1. Can you tell me which of 216-229, 254-267 comes out highest on packing, and rank the rest after it, using the mean Cβ neighbours within 10 Å?
2. How big, in percent, is the set of alpha carbon pairs in region 1-107 lying more than 22 Å apart?
3. Tell me, what ³J(HN,Hα) does each residue in region 76-82 have, in order and in whole Hz, if you take phi through Karplus 6.51 cos²θ - 1.76 cosθ + 1.60 with θ = phi - 60° and put x for Gly and Pro?
4. Hey, can you grab everything whose amide H is under 5 Å from the amide H of residue 104? Only 5+ residues off in sequence or another chain; H modelled, so Pro and N-termini drop out.
5. Search the structure for amide H atoms under 5 Å from the amide H of residue 30, placed 1.01 Å from N in the peptide plane, and list their residues when 5 or more places away or on another chain.
6. Percent of Cα-Cα pairs more than 33 Å apart in the chain, please.
7. Cβ neighbours within 10 Å, averaged per peptide: list 17-26, 281-290 in order, most packed at the top.
8. Grab the DSSP H runs of the chain that are 4 residues or longer, score each as -39,500 (n - 2.57), total them, divide by all residues and round the 222 nm result to the nearest 500 deg cm²/dmol.
Amino acid sequence: MAQDHILIVDDEEAIREVVATLLEAQGYRCTAVANGREAVEYLQSNSVELVLSDMIMPEMGGMQLLAWLRTHHKDFPVIMVTAMHDVSTALEAIRRGAYDYILKPFEKDRLFTSVRRALEHRRLVEENRNYQRNLEKLVEQRTAQLQHALSQLEKSYDETLEALGGALDLKDAETEGHCKRVTAFTIAIAKAMKVDPALLPQISRAAFLHDIGKMAIPDRILRKPGPLTVEEKGVMRTHCEIGYNMLVRIPFLREAAEIVLAHQEFYDGSGYPRGLAGEGIPLGARIFAVADALDAMISDRPYRKALPIEHARAEIQRCSGTQFDPKAVEVFLSIPESLWMELHESIDTPFRLALQD
């Protein structure tokens, strides 16, 4: 085990020699200098575990040395050595950061006890610092592991949602792929609007699951080739609330559920199911409305071929302020047509788009 290194600072050579001899006999390694200035010079290129310093010395006294030490070397303790009539000064030194003081002429047992306690104090401080450092590192590691586990869990959730979307495609074959495309369109607009990235996963899930409530709509209505009756339209409109009730009970989809409930609301308040208007409609639902209309127009349907994207842009612009949020429309129109066509043709895993920069 390495010896503890003690720096002895005293302008009286005889005292330096006596103190060094006593401490070296106890197994310590000692270096002695004549004043505070020499101590500073020594400490600038050497390390010690303890400083034992006289109070009154030429060139730089003990209090000045203590001030320098507390600024440059906070790790090791300082013991001040003083005459009986300077006790008040020694106490002031302790208030300024000295560990202890010893009165001259000192007893060797008092010297040994003070040195031993000071070094033990230093070890405890260092152990505590190392513990804190290791604890912080451990917390970082555990946090990283937790974040990875949550990321994997979120990935698993999204894979489950994609399976649900596949089931919906099977039930409503004429809109196959619509969920993925409209999710990609929604995220593209949301990013261009500089929506808080933390909100994007919930917005993407809501966009993907917006029609999940249609799984409860009877096939005779959902797949009816002709126009719906007033009664059938009423049944169809329940899919928003059905979807909301399905998702709100799932903790990680509660925020998405609010968007699903509002995805048929119109900016002017003429939508359903609650007749919300303006910014009373969740932001994700306002963005989704533009994306949904775009996909409906530029995708093939059993009753018509896909419309040109120029037509879709013009129609969305025409309905700005009535059906659609003007801000969302403005951003949509600023995005090149080529991006919409690329997303329309090549979307595979739309949830990943919410996580990409």
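Every number here is computed from the coordinates shown, using simple stated rules; none is lab data. This one's a predicted model, so the numbers in the text were calculated from it and none came from an experiment. Please note: Cβ atoms are built from the backbone with ideal geometry, for glycine as well, and neighbour counts cover all protein chains shown.
1. Numbers: 216-229: 11.9, 254-267: 23.2.
Descending packing order for the listed peptides: 254-267, 216-229.
2. Working: 1273 of 5671 pairs.
The calculated P(r) of region 1-107 puts 22 percent of pairs beyond 22 Å.
3. Per residue, the Karplus-derived 3J(HN,Hα) values read 10, x, 10, 10, 8, 10, 8 Hz.
4. Excluding prolines and chain starts, which carry no amide H, the hits are 82, 83, 84.
5. Those lying under 5 Å, H to H, from residue 30 are 6.
6. 53 percent
7. Working: 17-26: 15.7, 281-290: 25.2.
Highest-to-lowest ranking by the protection proxy: 281-290, 17-26.
8. Working: 16 runs with 207 residues, N = 357.
Calculated mean residue ellipticity at 222 nm is -18500 deg cm²/dmol.
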